[in-house]
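Undergrad: Sharing a structure with you now.
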Amino acid sequence: MRRHFGLGAVLSAVLLTLVLAGGSVAAEPIKIGAFFALSGPAASIGMPTKLVAQMVVEKINKEGGINGRPIELVMGDTEGDPTKSVMVLKKFLTVDKVVAVVGPTRTDTGMAVKKQIEAAKIPIVMTVGGDPVIMEGKIGSMDFGTARWVFKTPQRSSVAVQKVLGYLQKQGLKKVAIITSSDGFGRDGARWLDKLAPDFGVEIVGREQFNPQDVDMKSQLTKLSAAGPQAVVCWTIGPAGAIVSKNHHAMGMGAPLVQCHGLPGPKYIELAGPASEGDLMPATKLMTWAQLPDSDPQKKVIAEFVRLYNEVSHYDKEYPINTHSGYAWDAIYILADAIRKAGTEPEKLRAAIESTKGFVGVSGVFTLSPADHNGLGTDSMVMLQVKNGKFTMVE
């Protein structure tokens, strides 16, 4: 007995010495799954999103973690593939035992894991642009299921569509043709353009689709041009948008080209080249943050993000900042704030995320609710135009 008491005393003395010396015993980490398209056609978006996720976690951990516990990111590559996304998620749930998930990159991969997330009852904050991931119930022939456990940080397609249509309305452009990709993101954009156009006095005079892997869209644009539109709206992400811009320019179409909120970034101008001059698109304020008034609450947050991304981490050398860059920052901070308030018990954590109010992020000021698992409006976006090879805010 005396021997055991002596050993306990020694251990206590060691622990006390560590505390007095400023040391600490490592706390159990909070595991968060993070899966993005690190390879495949959407890797140009997924890779920098991963880097931002790591940057945010490093920042939070350096500041003491969450209630003294560090965050541990468990990474996965979706490859931009729905089946692969489901496999990675199953590993997160059964092997890694994560408390929440961030990602994926594409709307199609988000929809692929939606049902599994709802069944597992674990919160996910997605970084996808399309609305279906947070839509519920049946709309026409589409059944979106439930989205009680699904949240997302990029603006909804419906919000971006409203921003575009509002701009066209102010410019007096009433006849519009739309060209959209055939994937989930493109179909979502087309659905909202059709639904909301009448509210803005806009008539859709022509509709065409293309495969995201197509390398030429002249035939679709030729058909749309015959309809005499005053503007052409394209809804896609990745290189396809730049191809549409090149084709649009080469054909000499007089109607201005308006892209969606998934394209603003240096890569678009690089790929489209001179053809991009004059192209319009809605974007997060990140793209022209220096033009914001000092009174804008996002300006300080964005300035710190840009400093860490460019000057500390130097990620801009390979992946210059684009409109997607802040999505993982916002997702992880919203999760971290909710965990700080409610802990990691799934239902309490889900409710805390849903109760987020006035969170100032890179992509907007988020106010979520049971009816809105995104929490951003048109005031979180600006309209940009390419002028002299650079993005300029026009609204």
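Undergrad: Among the residues of the range 120-130, is there at least one that is surrounded by fewer than 20 Cβ atoms within 10 Å (Cβ to Cβ) and over 20 Å from the mean Cα position of the chain (by Cα)? So that I can check it myself, show each step before the final result.
TA: Going residue by residue through the range 120-130, those that are surrounded by fewer than 20 Cβ atoms within 10 Å (Cβ to Cβ) are 120-121.
Now drop any that are not over 20 Å from the mean Cα position of the chain (by Cα), which leaves 120-121.
For the range 120-130, residues surrounded by fewer than 20 Cβ atoms within 10 Å (Cβ to Cβ) and over 20 Å from the mean Cα position of the chain (by Cα): present.
Undergrad: Mind checking whether some residue in the range 236-256 is outside the structural domain of ALA177 (by TED's automatic domain parsing), within 23 Å of the chain's Cα centre (by Cα) and assigned to a helix (DSSP H, G or I)? Outline the logic, then answer.
TA: Our first condition is that a residue be outside the structural domain of ALA177 (by TED's automatic domain parsing); within the range 236-256, this holds for none.
For the range 236-256, residues outside the structural domain of ALA177 (by TED's automatic domain parsing), within 23 Å of the chain's Cα centre (by Cα) and assigned to a helix (DSSP H, G or I): absent.
Undergrad: Do any residues in the range 92-103 that are at pLDDT 95 or above have Cβ atoms under 8 Å from those of residues that are among the charged types (D, E, K, R) and in a strand (DSSP E or B), where the two are at least six apart or on different chains, and which pairs are they?
TA: The qualifying pairs are ASP96/LYS31; LYS97/LYS31; VAL98/LYS31; VAL99/LYS31.
Undergrad: While we're looking at this one, here's another question. When residues of the range 138-163 are filtered for being within 21 Å of PRO198 (Cβ to Cβ), in contact with an Asp or Glu (Cβ under 6 Å, 6 or more places away or on another chain) and hydrophobic (A, V, I, L, M, F, W, C), how many remain?
TA: The total comes to 0.
Undergrad: So GLY129 passes all but one of these: (1) part of a loop (DSSP other than H, G, I, E, B); (2) in contact with a strand residue (DSSP E or B) (Cβ under 8 Å, 6 or more places away or on another chain); (3) under 23 Å from ASN322 (Cβ atoms). Which condition number does it fail?
TA: (2)
Undergrad: Continuing with this model, one more query. What residue, among those in the range 54-72 that are within 19 Å of ILE122 (Cα to Cα) and crowded, with 19+ Cβ neighbours inside 10 Å, is nearest to the chain's Cα centre (by Cα)? So that I can check it myself, show each step before the final result.
TA: Going through the range 54-72, the residues within 19 Å of ILE122 (Cα to Cα) turn out to be 66, 71-72.
Those still in the list that are crowded, with 19+ Cβ neighbours inside 10 Å too: 66, 71.
On the way: ILE66: 23, ILE71: 21 Å.
Only one residue fits best here, namely ILE71.
Undergrad: Further question on the same structure: Can you confirm whether ALA147 is free of Cβ contacts under 8 Å to residues at least 24 places away in the same chain and either over 11 Å from the mean Cα position of the chain (by Cα) or part of a strand (DSSP E or B) (or both)? Show your work before the answer.
TA: Working: free of Cβ contacts under 8 Å to residues at least 24 places away in the same chain: no; either over 11 Å from the mean Cα position of the chain (by Cα) or part of a strand (DSSP E or B) (or both): yes.
Answer is no for this residue.
Undergrad: Which pairs turn up if I take residues in the range 360-379 that are touching a residue at least 12 places away in the same chain (Cβ under 8 Å) and of a type outside the set (A, V, I, L, M) and look for partners that are in a loop (DSSP other than H, G, I, E, B) and surrounded by fewer than 16 Cβ atoms within 10 Å (Cβ to Cβ) with beta carbon separation below 8 Å, at least 6 apart in sequence or on another chain?
TA: What qualifies is PHE366/GLY358; GLY375/THR367.
Undergrad: Residues of the range 282-311 being in contact with a helix residue (DSSP H, G or I) (Cβ under 8 Å, 6 or more places away or on another chain) and in a helix (DSSP H, G or I), which ones? Quick ask: steps written out before the conclusion?
TA: Keep residues of the range 282-311 that are in contact with a helix residue (DSSP H, G or I) (Cβ under 8 Å, 6 or more places away or on another chain), which gives 282, 284-286, 289, 292-293, 296, 298-299, 302-303, 305-306, 308-310.
Selection gives LYS285, LEU286, TRP289, GLN298, LYS299, ILE302, ALA303, PHE305, VAL306, LEU308, TYR309, ASN310.
Undergrad: Another question, then. Could you go through the range 339-352 and let me know if any residue there is outside the structural domain of GLU58 (by TED's automatic domain parsing), in a helix (DSSP H, G or I), crowded, with 18+ Cβ neighbours inside 10 Å and touching a Pro at 6+ places or on another chain (Cβ under 6 Å). Lay out the reasoning, then the answer.
TA: Our first condition is that a residue be outside the structural domain of GLU58 (by TED's automatic domain parsing); within the range 339-352, this holds for none.
Checking the range 339-352: not a single residue is outside the structural domain of GLU58 (by TED's automatic domain parsing), in a helix (DSSP H, G or I), crowded, with 18+ Cβ neighbours inside 10 Å and touching a Pro at 6+ places or on another chain (Cβ under 6 Å).
Undergrad: Give the residue, chosen from LEU168, LEU196, that is over 23 Å from the mean Cα position of the chain (by Cα) and in a helix (DSSP H, G or I).
TA: Values: LEU196 fails: over 23 Å from the mean Cα position of the chain (by Cα).
Result: LEU168 is the single residue among LEU168, LEU196 that is over 23 Å from the mean Cα position of the chain (by Cα) and in a helix (DSSP H, G or I).
Undergrad: Also, quick follow-up: Just to verify a result, which residue in the range 369-388, among those that are small (Gly, Ala, Ser) and touching a Ser or Thr at 6+ places or on another chain (Cβ under 7 Å), is surrounded by the most Cβ atoms within 10 Å (Cβ to Cβ)? Explain how you work it out, then say what you get.
TA: Going through the range 369-388, the residues small (Gly, Ala, Ser) turn out to be 369, 371, 375, 377, 380.
Restricting the remaining residues to those that are touching a Ser or Thr at 6+ places or on another chain (Cβ under 7 Å) gives 375, 380.
Numbers: GLY375: 24, SER380: 20.
Ranking the qualifying residues of the range 369-388, first place goes to GLY375.
Undergrad: Condition first: of a type in the set (Val, Ile, Thr) and either touching a Lys or Arg at 6+ places or on another chain (Cβ under 7 Å) or under 16 Å from MET217 (Cβ atoms) (or both). Now tell me which residues in the range 241-297 satisfy that. So that I can check it myself, show each step before the final result.
TA: If we filter the range 241-297 for residues that are of a type in the set (Val, Ile, Thr), which is where we start, we get 243-244, 258, 269, 284, 288.
Once the filter is applied, which keeps residues that are of a type in the set (Val, Ile, Thr) and either touching a Lys or Arg at 6+ places or on another chain (Cβ under 7 Å) or under 16 Å from MET217 (Cβ atoms) (or both), the range 241-297 yields ILE243, VAL244, VAL258.
Undergrad: Every residue in the range 250-287 that is among the small types (Gly, Ala, Ser) and either touching a residue at least 24 places away in the same chain (Cβ under 8 Å) or closer than 21 Å to ASN310 by Cβ (or both), please. Show your work before the answer.
TA: At the first step, the residues of the range 250-287 found to be among the small types (Gly, Ala, Ser) are 250, 252, 254-255, 262, 265, 272-273, 275-276, 278, 283.
Once the filter is applied, which keeps residues that are among the small types (Gly, Ala, Ser) and either touching a residue at least 24 places away in the same chain (Cβ under 8 Å) or closer than 21 Å to ASN310 by Cβ (or both), the range 250-287 yields ALA250, ALA255, GLY262, GLY265, ALA272, GLY273, ALA275, SER276, GLY278, ALA283.
Undergrad: Kindly provide the set of residues from the range 29-70 that are of a type in the set (Gly, Ala, Ser), within 17 Å of LYS152 (Cβ to Cβ) and outside any helix (DSSP H, G or I), ordered by number. Give the derivation first.
TA: Within the range 29-70, the first condition is being of a type in the set (Gly, Ala, Ser), and the residues that meet it are 33-34, 37, 39-40, 42-44, 46, 53, 64-65, 68.
Now restrict to residues that are within 17 Å of LYS152 (Cβ to Cβ): 33-34, 37, 42, 46, 53.
Within the range 29-70, GLY33, ALA34, ALA37, ALA42 qualify.
Undergrad: While we're on this one: Take PRO229 and tell me if it is within 19 Å of the chain's Cα centre (by Cα) and not in a helix (DSSP H, G or I).
TA: Numbers: within 19 Å of the chain's Cα centre (by Cα): no; not in a helix (DSSP H, G or I): yes.
Here the answer is no, as PRO229 does not meet what is asked.
Undergrad: Scanning for something part of a helix (DSSP H, G or I) and under 11 Å from SER325 (Cβ atoms), does the range 269-281 turn up at least one residue? Before the answer, list the steps.
TA: Residues of the range 269-281 that are part of a helix (DSSP H, G or I), as a first pass: 269-276.
Next cut, under 11 Å from SER325 (Cβ atoms) only: none.
No, because not a single residue in the range 269-281 is part of a helix (DSSP H, G or I) and under 11 Å from SER325 (Cβ atoms).
Undergrad: When only residues in the range 257-268 that are part of a loop (DSSP other than H, G, I, E, B) and among the hydrophobic types (A, V, I, L, M, F, W, C) count, which is modelled with the highest pLDDT?
TA: At the first step, the residues of the range 257-268 found to be part of a loop (DSSP other than H, G, I, E, B) are 259-265.
Next cut, among the hydrophobic types (A, V, I, L, M, F, W, C) only: 260, 263.
Numbers: CYS260: 97, LEU263: 94.
Out of the qualifying residues, it is CYS260.
The values are calculated or read from the model by the stated rules, or taken from the named source; none is laboratory data. Here the structure is a predicted model, which is why all the values come from computation and not from measurement. Neighbour counts run over all protein chains shown; Cβ positions are idealised from the backbone, glycine included.
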